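Student: Submitted below is the structure of interest, expressed as structure tokens.
Read-outs: derived from the displayed coordinates by stated rules, not from any lab. Predicted model only: the values in this text are computed from it and were never measured. All Cβ positions, glycine included, derive from the backbone under ideal geometry; neighbour counts span all protein chains shown.
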């Protein structure tokens, strides 16, 4: 999805500033889908405003310039609905962790162990966070949004599966690395 569509999507959840939109992509419910920088959000909001797809109002701040608060218009909602009918692009997955793990034979064993153990902890923490959110919504008066709940369940399953995989295969990988290093030493002799 392009940044314009992403901004419209965020604004369906309520009015927001450019900064608040950025936070939705860093920490909010959109953090797992896409990323958007300030350098792309603000120009997109300007174009959306010029096209009548969003409206903006000035909000006063103490000792600072007014900030713009954006809201989606009916035309913006129609544009988002049209964008939601497009065929999605293939998922992309980028991971610095997997990049480092790809070169595990070049890293000290302790570094590989630390990388894996840290990533297991991160994945378990993310799984627990999503599971807690799901539980809070199911225990409250809120019936929940079925799409949101499906996405949350999918995310929880991915994190749990990834943590389980790393945990189950950690020792085997370390043994394989030791064997590969031993072969390198023998070949060098």
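Student: Under the classification rounded if a/c is under 1.5, otherwise prolate if a/b is larger than b/c and oblate if not, where does the stretch 42-114 fall, given a ≥ b ≥ c as square roots of the Cα gyration tensor eigenvalues?
Tutor: Here the stretch 42-114 falls in the oblate category.
Student: Against the longest alpha carbon principal axis of the chain, how many degrees, from 0 to 90 and to the nearest 10, is the axis of helix 74-83 turned?
Tutor: The angle comes out at about 30 degrees.
Student: Taking only DSSP H segments of four or more residues, each worth -39500 (n - 2.57), what value at 222 nm results for the chain once the sum is divided by all its residues, to the nearest 500 deg cm²/dmol?
Tutor: That calculation yields -21500 deg cm²/dmol at 222 nm.
Student: Considering the alpha-carbon set of the stretch 1-143 alone, what are its Rg and its Dmax in angstrom?
Tutor: So, for the stretch 1-143, Rg and Dmax equal 19.8, 57 Å respectively.
Student: Let me ask you something else. Which of rounded, prolate, oblate describes the stretch 106-189, given a ≥ b ≥ c as roots of the alpha-carbon gyration tensor eigenvalues and a/c under 1.5 marking rounded, otherwise prolate only if a/b is larger than b/c?
Tutor: On the way: a/c = 5.37, a/b = 4.05, b/c = 1.33.
It is prolate, given that a/c is not under 1.5 and a/b is the larger ratio.
Student: Now a separate question. To the nearest 10 degrees, how steeply does helix 38-50 sit against the main Cα axis of the chain, on a 0 to 90 scale?
Tutor: 30
Student: How do 38, 93 line up, fewest other C-beta atoms within 10 Å first?
Tutor: Listed from fewest to most nearby Cβ atoms, that is 93, 38.
Student: From the Cα gyration tensor of the stretch 3-83, with a ≥ b ≥ c the square roots of its eigenvalues, which class applies: rounded if a/c is under 1.5, or else prolate if a/b is larger than b/c, or else oblate?
Tutor: Oblate is the answer for the stretch 3-83, as a/c is 1.5 or above yet b/c matches or exceeds a/b.
Student: Another question about this same structure. Would you mind ranking 161, 73 so that the residue whose beta carbon has the fewest other beta carbons within 10 Å leads the list?
Tutor: Arranged by neighbour count, lowest to highest, 161, 73 become 161, 73.
Student: Still on this model: Using Cα pairs under 8 angstrom and six or more residues apart, how large is the relative contact order of the chain, in percent? List each step's numbers first, then the result.
Tutor: Working: 153 pairs, mean separation 32.0, N = 189.
Rounded, it is 17 percent for the chain.
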